[in-house]
Every structure is written in structure tokens, then in C-alpha cells.
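The values are calculated or read from the model by the stated rules, or taken from the named source; none is laboratory data. Because the structure is predicted, anything quoted here is derived from the model rather than measured. Every residue, glycine as well, gets a Cβ built from its backbone with ideal geometry; the counts of neighbours run over all protein chains shown. Calculation scope for accessible area: heavy atoms of the full protein, side chains included, ligands and nucleic acids excluded. Shrake-Rupley method; radii C 1.70, N 1.55, O 1.52, S 1.80 Å.
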Amino acid sequence: MTPEEEVQRQSTMTSEKGPSTGDPTLRRRIEPWEFDIFYDPRELRKEACLLYEIKWGMSPKIWRSSGKNTTNHVEVNFIEKLTSERRFHSSISCSITWFLSWSPCWECSQAIREFLSQHPGVTLVIYVARLFWHTDQQNRQGLRDLVNSGVTIQIMRASEYYHCWRNFVNYPPGEEAHWPRYPPLWMMLYALELHCIILSLPPCLKISRRWQNHLTFFRLHLQNCHYQMIPPHILLATGLIQPSVTWR
């Protein structure tokens, strides 16, 4: 089942009500316009937003909240806030999921690795809407180091956008199914570049912005090494190669 089909299935199973006024997460939700400007793959907004979920031990309950840049990046703010809580210690067991508008920079990647090394019972999954200065070699190495440390990093797809809309956004009543639909091609292009980073390949995605007309341009520059090492299903999804056909 594709992410789009899963979203449609979930939409038909839910009501058309907004978040309940008794919802304990209501005060921690962001507004629809904030979600749109922070998580639109086309928008190269400088500020970053973090939506996160924490599941403690074997408990079925999930703690959800959000954070934004201050004098520190959102990743560092999260780590400092979590480790300052009295109940949190090195032997704690929990699973954390981040939905980031930008992927971590190399300094944040280093801080995340240090945090995880000090708390071996913590697992981290990161979904990102965009790749932060992805041609910078330090940022690329930082993401590879995270993956090599056991962190799962993926580009947000339709199913993640829908999940965030439902669980982190203060959407109006009747607007439960009206989450922003971004063209899948942008997500696929970022996913393609993320594969290049993880496989230590040269950048293949170039992004430029024309501020006068607010347009973002994506250009691909593929080399032989990209075609040889990137999984075929990733290239097929972007339309860069065509499936082979055997004639009898």
C-alpha cells in the first residue's frame, strides 16, 4: 500500500471534527499556517520547526509537543529540555520520533550522537521535510554519522504529512482531511539526494531560489556513479529511468 493509499484509508476511518477542546495536546499544537510555511518542501525558510513524539518504555501512551529555533537550533533545545527533566536518566528506555522541517546541521548531528551515546536506551527516528545546506560536506558527513550510529533518517512522505496534520496541528473543525498536498516529486528528489548522502555519492540535487517571484527551482545533475549505486526503485520513482521490458 502506497503512502497516499494509506492516507486515504485513514481519512475514511476518521470523523470530520477538529481537535477536541479536551484534547491534552491542544495547547501544544501549531496553527495550520505555521505547518504550511515550515514544512512546504518548496519554502527555504530559515527558521526550523520540530514536531516530536516520545514513547516511554512499554507504555502505550505517546507524548507529543513541538519546538522552534531560539538562540539554539531546535535539536539542541530538545536535548537540553529532555535531559533537564528529573525523571530522565541514562538508563531510561524510550523511543523518539522527530518530524523536522530541516535536516540537522553537522553540529546538531554531533550533539544528537553525544546524547544517544550517553543514553543507550533511547532510539531515534527522524523524518525531514528538507535537507539543510545539503551540498556542505560537513552536513553530509553529519547525517552519515547519525545513520551509522543507528538513527533512522527519512524524507517526509504524504503519510507523514497527514500524521502531523492530525496530531500536531490545530486544524479547524471539518478540515481534518484538508492537510497540504505537496507534489510527490519534491519529496522524491529530496529522497534521492538523501540516498546520495548516505552512500557517500556527490550531490545530485541543486536548489535555487528566485526571491522576486518566490519560486524554488530543483535541478538534477546525475553522474554515472549515481546510476550505478542508487537503488533502481528510487530512480524509477523520480522518472529518471524507465522500467526494462523483455519482449518474447
Report summary line: If you go through Trp106, Trp63, Trp56, Trp98, the only one that is among the aromatic types (Phe, Trp, Tyr) and touching a residue at least 40 places away in the same chain (Cβ under 8 Å) is Trp98
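Would you pick out the residues in region 169-197 that are within 16 Å of Gln223 (Cα to Cα) and among the aliphatic types (A, V, I, L, M)?
Leu189, Leu192, Leu194, Ile197
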Report summary line: Residue set His195, His134, His178, His163; condition exposed (fewer than 14 other Cβ atoms within 10 Å of the Cβ) and not small (Gly, Ala, Ser); output residue His178
Query raised in the report: Would you say Ser84 is open to solvent by 10 Å² or more (accessible area, probe 1.4 Å), touching a residue at least 12 places away in the same chain (Cβ under 8 Å), small (Gly, Ala, Ser) and farther than 25 Å from Met188 by Cβ?
Result: no
Query raised in the report: For region 27-41, what are the residues that are under 13 Å from Pro172 (Cβ atoms) and either of a type in the set (S, T, N, Q) or open to solvent by less than 10 Å² (accessible area, probe 1.4 Å) (or both)?
Result: Phe35
